[in-house]
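Read through the structure below, which is laid out as structure tokens, and then see the notes.
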Amino acid sequence: MTRALRPLLLTALVLALVILGSSATLRLSANGIGCSPWPSCYGLLETANQVQGSNLIKALRLTHRLTATLFAILALVIVAIGWRGWARPAKALGLALVGVTGVLAWVGLHTPSPLPMVTVVNVLGGLALVALCAALAACQD
């Protein structure tokens, strides 16, 4: 039965990469990575306000939120299906996957935020999601 989880885990891995990429793009654009005249406009509040109103950023934010929601549901489904057949290491990875997903969902309630720690948690959490999905996929026989 755990072998059947591999396609779900690979889907979760792809979703985690989309989440990580869209989150990084949103953060960089909110700080004005493409503003003019760059770099003097980078990190200014007025630059951030201009970027946040663009249709592209609104679409990217919606994509990020939908992908994150799908990922959270998929992570819960993966752990629920695999739990009984998993050995202890896979169970620990599954719990970590759900835990990191929960932390990122909670942090998502407090973003955007000017606090650097929010950015660090988001980036490290996104990388952790990718690593945990890959590790769980590798555990499947």
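The values are calculated or read from the model by the stated rules, or taken from the named source; none is laboratory data. All values reported here derive from a predicted model rather than from experimental measurement. Here the Cβ is made from the backbone with ideal geometry for all residues, glycine too, and neighbour counts use every protein chain on show. Quick note on the areas: whole protein, heavy atoms, side chains included, nothing else; ligands and nucleic acids left out. Shrake-Rupley method; radii C 1.70, N 1.55, O 1.52, S 1.80 Å.
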Practice problem: May I ask you to evaluate 6.51 cos²θ - 1.76 cosθ + 1.60, the Karplus curve with θ = phi - 60°, for each residue of segment 11-27 and list the ³J(HN,Hα) values in order in whole Hz, giving x for glycine and proline? | Solution: 5, 4, 4, 4, 4, 5, 5, 5, 4, 4, x, 5, 5, 5, 5, 4, 5
Quiz item: List the cysteines of the chain that have no other Cys Cβ closer than 4.7 Å: which are they?
Solution: Cys133, Cys139
Quiz prompt | Accessible carbon and sulfur surface of the chain relative to its total accessible area, %, 1.4 Å | solution = 72
Quiz item: Under a point-charge model restricted to the Cβ atoms of Lys and Arg (+1) and Asp and Glu (-1), what is the dipole moment magnitude of the chain relative to its Cα centre, in debye to the nearest 20?
Solution: 380
Self-check item: Long-range amide H partners of Gln140 with built H, under 5 Å
Solution: none
Quiz prompt | Hz values of 3J(HN,Hα) by residue in segment 84-95 - Karplus curve (6.51, -1.76, 1.60), Gly and Pro given as x | solution = 5, x, 7, 6, 4, x, 5, 5, 5, 5, x, 5
